[in-house]
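Asker: Right, I'll just put the structure down here and ask away after.
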Amino acid sequence: MVSFLATACWDVSQGLIISLIFALATIVIRIQYPKTSMLEQISQTEIYRNPERYGIAFESSNSIVFHFEASLLFVNCDFFKEKVFKAVESTENAELKQYFILDSTSINSIDQMGIQTLIEVSEELKQREITFMIAGSNESLIQMFNRCKIYLKIERKYFFISISDAIVFANIESNPTVSVL
């Protein structure tokens with residue numbers, strides 16, 4: 001639409017330049033300020049969704065599940081931390097939450113600053129007696145975690161294939177008398 005209007009008002013070359021500038025600006029804004037959401041488990045399933053978007057019953061647990069929809073890069077690390085702690089503080093019964101699970105399924109890449117941010121978040125949550133866990137990381141994230149030696153700061157046992165696996169671990173760790181078949 002921007003391209004069309006710019007081309008209609010001026011000529012093709014100026015319209016093209018304006019549309020490129022607009023496209024770059026929208027990309028930068030989407031990277032710096034990505035969408036985030038809290039996820040809850042749909043009753044009787046292993047599916048986690050944003051309760052604000054779905055009008056169905058959700059189960060609450062002793063965990064906060066946080067979804068981040070962008071690569072975690074130096075340009076959005078502060079935004080990420082701000083949203084994480086806002087999520088922790090705004091959660092109902094926040095004092096009962098013992099685990100914070102980052103759903104990393106939408107994080108396509110991460111840089112050194114992103115790794116450092118995850119470590120800082122983990123340490124700050126630990127001071128609040130909340131365990132930080134990461135679920136759903138893709139291969140490129142796992143490779144970067146290995147290269148940056150994140151496992152020296154965040155134990156390997158807190159990385160999971162799925163949110164459900166992290167929730168099961170949290171439930172077992174918080175109540176060792178529970179058995180899972």
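Quick note: the coordinates plus some simple rules give every number you see, no bench work behind them. The model shown is predicted, which means the values in this text are computed figures rather than measured ones. Cβ coordinates were reconstructed from backbone atoms using ideal geometry, including for glycine residues, and neighbour counts include every protein chain displayed.
Asker: Based on the inverse mean of 1/r over its pairs of different Cα atoms, what is the Kirkwood hydrodynamic radius of the range 117-181, in Å?
Answerer: By the Kirkwood definition, the hydrodynamic radius is 12.8 Å.
Asker: Pull up all non-local amide H partners of Ile47: gap of 5 or more, or a different chain, and H-to-H distance under 5 Å with H placed in the peptide plane.
Answerer: Result for Ile47 returns Ile42.
Asker: Now a separate question. Which whole number of Å³ per residue matches the convex hull of the alpha-carbon atoms in the range 34-174?
Answerer: Convex hull of Cα atoms, per residue: 100 Å³.
Asker: Run the reach check for Lys149 against lysines, Cα to Cα strictly under 18 Å, same-chain hits fewer than 8 apart removed. What comes back?
Answerer: Answer for Lys149, where 18 Å is the Cα cut-off: Lys157, listed by chain and number.
Asker: In addition: Given H placed on each backbone N at 1.01 Å, which residues far from Phe100 in sequence or on other chains put an amide H within less than 5 Å of it?
Answerer: Those qualifying (amide H under 5 Å, at least 5 residues apart or on another chain) are Ile64, Thr131, Phe132, Met133.
Asker: Here is a further query. Only four residue types carry charge here, +1 at the Cβ of Lys and Arg and -1 at the Cβ of Asp and Glu. Report the dipole size of the range 68-163 about the Cα centre in Debye, rounded to the nearest 20.
Answerer: 340
Asker: Measuring from label point to label point, each 7 Å out along Cα→Cβ, what is the Glu46 to Glu124 span in nm?
Answerer: My value for the distance between the label points is 3.2 nm.
Asker: At a Förster distance of 35 Å, what's the computed FRET efficiency of Ser90 paired with Lys153, Cβ-Cβ distance as r, to 0.05?
Answerer: 0.85
Asker: Hey, for a label at Ser162 modelled as a point 7 Å past Cα toward Cβ, could you say which residues of the range 96-114 have their backbone N under 20 Å away?
Answerer: From the range 96-114, the list is 100-107.
Asker: Within straight cross-link reach of Lys153, meaning Cα distance under 18 Å, which aspartates and glutamates are found once same-chain residues fewer than 8 apart are removed?
Answerer: Result set, ordered by chain and number: Asp111, Glu120, Glu123, Glu124, Glu129.
Asker: Also: Mind checking which lysines have their C-alpha under 21 Å from Lys86, skipping anything on the same chain fewer than 8 residues away?
Answerer: Lys35, Lys97, Lys126
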